[in-house]
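The values are calculated or read from the model by the stated rules, or taken from the named source; none is laboratory data. Since this is a predicted model, take the numbers as computed values, not measurements. For neighbour counting, all protein chains shown are included, and Cβ atoms are generated from backbone atoms with ideal geometry for every residue, glycine included. Protein only, heavy atoms only, side chains kept; ligands, DNA and RNA dropped before computing areas. Shrake-Rupley method; radii C 1.70, N 1.55, O 1.52, S 1.80 Å.
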Amino acid sequence: MERYEEEEYLACCGSTQFAKEMVKASPFASVHEAVSAARDIWFNKVDVNGWLEAFSAHPQIGQSPSPDHIAAAAQWSKGEQSTALATATTSTLQELSDWNARYRHKFGFIFLICASGRSTAEILADLKKRYPNRPIVEFEIAAQEQMKVTELRLAKLFSSKIKSTSKGNEHATVSVKKAEEDRVSIISGHLTTTSESSSGKASQISTRTRPPITTHVLDVSRGSPAAGVEVCLEIWKGTQPRPLFGEPDVGGWVFQGSSTTDADGRSGQLMNIVDVVNPGIYRISFNTGKYCPSGFFPCVSIVFEIKESQNREHFHVPLLFSPFSFTTYRGS
């Protein structure tokens, strides 16, 4: 069972809140157990300020870490950007610097991407692709990229700790080998994320720490999370294969779970935590009328379909709401 100090977890993710929660959750029997806990802590316990703190701990892509960075984090950061720097030219570095500045001016935080194995051209292309995003969308993407970095660094942390305590005996040699295999597994998982997403396959190390369907609500009019919004999840079980527009659907929707959003606008558990979610048509409804009695919408419902090929994916369906408008998108 491995136990680490707060500063060691801080080197993996620059959020103080994250590091403290990891210490509380430790010790961990393996790197996979640590990664599972880290995902739950990062997405369900660390608040917006903690996310921003973690983002700010990274050097800008294409630049070296500052002297006040934690030594391990600085070393890992250099390694993560090594491919980008090796493939950079003076012109691409300048273009990357210019786009980084534009990105930070628009979103208020640095452009964050899991840079391991990526060339400067690839990173620049992703930056340009993400730049048109709405701030709330980009904030979610940046958080996902931070989690990828955290997972890689946790693997490095466990690997380095086992090596440093190894005395050359057979048991230690096996432990080092296992840690290296875990590290390669995690790295490979991130390098194949794109292809796995398109084929609907789940990463071999994926372990759910939350239900397959989640949501959160942001009050756009206030620029803050919407707390106290009642949320209900249902699945279609009507006589027709799917609900039809303009047709009554009495008895067609079957209740799955309900909750109320917390101070961060996140709903509680709407369904059981399962590895495989039942394919079908789902509906999430929000009691916006109770949250804002003077608003235009008494309630808002979002209907979406999960196909058989998507049954191992995670579906995050956020609601961006104001008294007189709302929008949503497929999160991850």
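Any residue at all in the stretch 270-281 that's assigned to a helix (DSSP H, G or I) and at pLDDT 90 or above?
Let us first name the residues in the stretch 270-281 that are assigned to a helix (DSSP H, G or I), namely none.
Checking the stretch 270-281: not a single residue is assigned to a helix (DSSP H, G or I) and at pLDDT 90 or above.
A125: exposed (fewer than 13 other Cβ atoms within 10 Å of the Cβ) and at pLDDT 80 or above, yes or no? Please lay out each step first, then the result.
On the way: exposed (fewer than 13 other Cβ atoms within 10 Å of the Cβ): yes; at pLDDT 80 or above: yes.
Yes.
Tally time: how many residues in the stretch 117-131 are hydroxyl-bearing (S, T, Y) and within 15 Å of I141 (Cα to Cα)? Full working, then the answer.
Here is the first cut: in the stretch 117-131, the residues hydroxyl-bearing (S, T, Y) are 119-120, 131.
Retained after the next criterion (residues that are within 15 Å of I141 (Cα to Cα)): 131.
Number satisfying all stated conditions: 1.
From the residues in the stretch 259-283 that are surrounded by 13 or more Cβ atoms within 10 Å (Cβ to Cβ) and of a type in the set (A, V, I, L, M, F, W, C), which one is farthest from I302 (Cα to Cα)?
Here the residue is V277.
Which condition number in (1) more than 22 Å from L112 (Cα to Cα); (2) touching a Pro at 6+ places or on another chain (Cβ under 7 Å); (3) open to solvent by less than 60 Å² (accessible area, probe 1.4 Å) is the one that R3 fails?
(3)
How many residues are at pLDDT 90 or above, outside any loop (DSSP other than H, G, I, E, B) and surrounded by fewer than 16 Cβ atoms within 10 Å (Cβ to Cβ) if we restrict to the stretch 102-122?
Here the count works out to 4.
Residues to consider are V35, V23; find the one that is open to solvent by 20 Å² or more (accessible area, probe 1.4 Å), β-branched (V, I, T) and in contact with an Asp or Glu (Cβ under 8 Å, 6 or more places away or on another chain). Before you say what the answer is, go through the steps one by one.
On the way: V35 fails: open to solvent by 20 Å² or more (accessible area, probe 1.4 Å).
Result of the check over V35, V23: V23.
May I ask you to list the residues in the stretch 195-246 that are of a type in the set (S, T, N, Q) and either within 12 Å of S259 (Cβ to Cβ) or at pLDDT 90 or above (or both)? Please lay out each step first, then the result.
From the stretch 195-246, those of a type in the set (S, T, N, Q) are 195, 197-199, 203-204, 206-207, 209, 214-215, 221, 224, 239-240; that's our starting set.
Result: T214, T215.
Give me the residue from the stretch 76-101 that is charged (D, E, K, R) and open to solvent by 60 Å² or more (accessible area, probe 1.4 Å) and, out of that set, modelled with the lowest pLDDT. First the steps, then the outcome.
As a first pass, look at the stretch 76-101 and keep what is charged (D, E, K, R): 78, 80, 95, 98.
Restricting the remaining residues to those that are open to solvent by 60 Å² or more (accessible area, probe 1.4 Å) gives 78, 95, 98.
Numbers: K78: 73, E95: 90, D98: 92.
Looking at the filtered set, the residue picked out is K78.
Based on this model, can you work out whether V217 counts as among the β-branched types (V, I, T), over 23 Å from P135 (Cβ atoms) and either open to solvent by 60 Å² or more (accessible area, probe 1.4 Å) or touching a Gly at 6+ places or on another chain (Cβ under 7 Å) (or both)? Give the steps one after another, and end with the answer.
Working: among the β-branched types (V, I, T): yes; over 23 Å from P135 (Cβ atoms): no; either open to solvent by 60 Å² or more (accessible area, probe 1.4 Å) or touching a Gly at 6+ places or on another chain (Cβ under 7 Å) (or both): yes.
For V217, the condition - among the β-branched types (V, I, T), over 23 Å from P135 (Cβ atoms) and either open to solvent by 60 Å² or more (accessible area, probe 1.4 Å) or touching a Gly at 6+ places or on another chain (Cβ under 7 Å) (or both) - is not met.
How about the stretch 207-255: which of its residues are assigned to a loop (DSSP other than H, G, I, E, B), of a type outside the set (D, E, K, R) and within 31 Å of the chain's Cα centre (by Cα)?
Within the stretch 207-255, the first condition is being assigned to a loop (DSSP other than H, G, I, E, B), and the residues that meet it are 207-212, 215, 220-223, 226-229, 237-252.
Applying the additional criterion that residues be of a type outside the set (D, E, K, R) yields 207, 209, 211-212, 215, 220-221, 223, 226-229, 238-241, 243-246, 248, 250-252.
Scanning the stretch 207-255 gives T207, T209, P211, P212, T215, V220, S221, G223, A226, A227, G228, V229.
Looking at the stretch 235-258 only, could you name the residues that are open to solvent by less than 30 Å² (accessible area, probe 1.4 Å) and of a type outside the set (A, V, I, L, M)? Please lay out each step first, then the result.
The initial filter retains those residues of the stretch 235-258 that are open to solvent by less than 30 Å² (accessible area, probe 1.4 Å), namely 235, 238, 252, 257.
Once the filter is applied, which keeps residues that are open to solvent by less than 30 Å² (accessible area, probe 1.4 Å) and of a type outside the set (A, V, I, L, M), the stretch 235-258 yields G238, G252, G257.
With the structure loaded, tell me whether E145 is in contact (Cβ under 8 Å) with a residue 12 or more places away in the chain, buried (at least 16 other Cβ atoms within 10 Å of the Cβ), in contact with a Leu (Cβ under 9 Å, 6 or more places away or on another chain) and closer than 22 Å to F43 by Cβ or whether it fails that test.
Spelling it out, E145 is indeed in contact (Cβ under 8 Å) with a residue 12 or more places away in the chain, buried (at least 16 other Cβ atoms within 10 Å of the Cβ), in contact with a Leu (Cβ under 9 Å, 6 or more places away or on another chain) and closer than 22 Å to F43 by Cβ.
What number goes with the only condition from (1) farther than 27 Å from P135 by Cβ; (2) touching a Lys or Arg at 6+ places or on another chain (Cβ under 8 Å); (3) of a type outside the set (G, A, S); (4) at pLDDT 90 or above that V303 does not pass?
Unmet condition: (1).
Quick check on my filter: what residues within the stretch 284-322 are open to solvent by 70 Å² or more (accessible area, probe 1.4 Å) and either assigned to a loop (DSSP other than H, G, I, E, B) or in contact with a helix residue (DSSP H, G or I) (Cβ under 6 Å, 6 or more places away or on another chain) (or both)?
P293, S294, F296, P298, C299, K307, R312
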